[in-house]
Amino acid sequence: MSVEKTSEIKLKIGLNKDKMPVKIDWQADGGASGGKPSEAKAFLLAIFDKESRDTLKMDLWTKDMQVNEMDRFFFQTLRGLADTYFKATQNQQLATDMQKFVQYFGEQTEVLPKQK
């Protein structure tokens, strides 16, 4: 398979004197920001290495990320992971189980109203 086009995603992390993230800017070719830099409060990155078959992960958030924002960020991320898992594997049972946990997580963190 040959590469016909490439796209670049850039992350720029501003650190304070203690090397803690205080600003996160991101930019992606043709992305939602139209290729212009956008500011974020957090990001999660997971890469599955082809040779080692290990998952490398990086997660950063700025000091002004509120707990309720982190709850929403994780809820939306977990929901997306469950959807991606189903698309990649077609394993409906496990994807449904994951969505049940996402629902539970959303209710426990009050991102979603509790179901009766």
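Calculated from the structure at hand, Cα Rg over 2.2 N^0.38 Å is found among [x] 1.29; [y] 1.11; [z] 1.01 as [x]. The value of relative contact order for the chain, using C-alpha pairs under 8 Å at least six residues apart, is 15 percent. For the range 33-66, applying the loop criterion from DSSP together with a ceiling of 11 other beta carbons within 10 Å to the trypsin sites (Lys or Arg not before Pro) yields Lys50, Arg53, Lys63. Once the chain from Thr89 to Gln103 is taken as fully extended at 0.36 nm per residue, the excess over their C-alpha distance is 2.9 nm. Based on Cα contacts under 8 Å between residues 6+ apart, the range 66-116 shows a relative contact order of 40 percent.
Note down the magnitude of the dipole of the chain about its Cα centre, charges +1 on Lys and Arg C-beta and -1 on Asp and Glu C-beta and zero elsewhere, to the nearest 20 debye. Before the final figure, lay out each step's value.
On the way: 18 positive and 17 negative charges, 29 e Å.
Computed about the Cα centre, the dipole is about 140 debye.
Helical content of the chain, expressed as a calculated mean residue ellipticity at 222 nm, amounts to -12000 deg cm²/dmol (DSSP H runs of 4 or more residues, -39,500 (n - 2.57) each, divided by residue number, nearest 500).
Quick check: residue separation of Asp18 and Met65 times 0.36 nm, minus the Cα distance between them. What number comes out in nm?
Details: separation 47, 0.36 × 47 = 16.92 nm, distance 1.73 nm.
Going from the current span to full extension adds 15.2 nm.
Annotation for Leu11 and Phe43: the two label points, set 7 Å from Cα along the Cα-Cβ direction, are 0.5 nm apart. Our coupling estimate for the range 67-77, obtained by passing each phi through the Karplus curve with A = 6.51, B = -1.76, C = 1.60 and θ = phi - 60°, is 4, 5, 6, 5, 4, 5, 4, 5, 4, 5, 5 Hz, Gly and Pro reported as x. Sites listed here are GluC sites (Glu not before Pro) in the range 1-77 whose DSSP assignment is loop and whose Cβ has at most 14 other Cβ atoms within 10 Å: Glu4, Glu8, Glu51.
Readers should treat all values here as calculations from the given coordinates under stated rules, not as data from a laboratory. On a predicted model such as this, the values are computed, not experimentally measured, just so you know. Every residue, glycine as well, gets a Cβ built from its backbone with ideal geometry; the counts of neighbours run over all protein chains shown.
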